[in-house]
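Data first, discussion second: the structure below is written as structure tokens.
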Amino acid sequence: MKYLQAQMSQLVKSERELQLKLKNLMKEHDLGKAHALKALYHAEVADSGKYMNAYKELDGIHSK
């Protein structure tokens with residue numbers, strides 16, 4: 001599975017829990033949004049993460 005910033009942004013917009021985690025990551029680690037999104041991807045999506053299936057569903061939408 002490949003990281004796509006636009007796809008990850010869409011997933012975050014649709015999941016309130018991810019929105020909160022993104023804001024927390026940005027604040028806690030003084031990260032910009034792009035870096036925080038990638039960190040969130042590796043923590044919550046990649047390697048059978050909690051949101052992997054939701055991310056894969058968006059893959060079908062973005063590849064059309």
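If the condition is being modelled with pLDDT of 95 or more and of a type in the set (Val, Ile, Thr), then region 22-64 contributes only VAL45.
Is it the case that some residue within region 29-49 is exposed (fewer than 13 other Cβ atoms within 10 Å of the Cβ), hydroxyl-bearing (Ser, Thr, Tyr) and either more than 8 Å from the chain's Cα centre (by Cα) or assigned to a helix (DSSP H, G or I) (or both)? Checked region 29-49: at least one residue is exposed (fewer than 13 other Cβ atoms within 10 Å of the Cβ), hydroxyl-bearing (Ser, Thr, Tyr) and either more than 8 Å from the chain's Cα centre (by Cα) or assigned to a helix (DSSP H, G or I) (or both).
Looking at LYS13, LYS23, LYS56, which one is touching a residue at least 24 places away in the same chain (Cβ under 8 Å) and either crowded, with 16+ Cβ neighbours inside 10 Å or in a helix (DSSP H, G or I) (or both)?
Values: LYS13 fails: touching a residue at least 24 places away in the same chain (Cβ under 8 Å); LYS23 fails: touching a residue at least 24 places away in the same chain (Cβ under 8 Å).
None of the others qualify; the one that does is LYS56.
The values are calculated or read from the model by the stated rules, or taken from the named source; none is laboratory data. Only a predicted model underlies this, so the values are computations on that prediction, with no experimental measurement involved. No Cβ is skipped: glycine too gets one built from the backbone with ideal geometry, and neighbour counts run over all protein chains shown.
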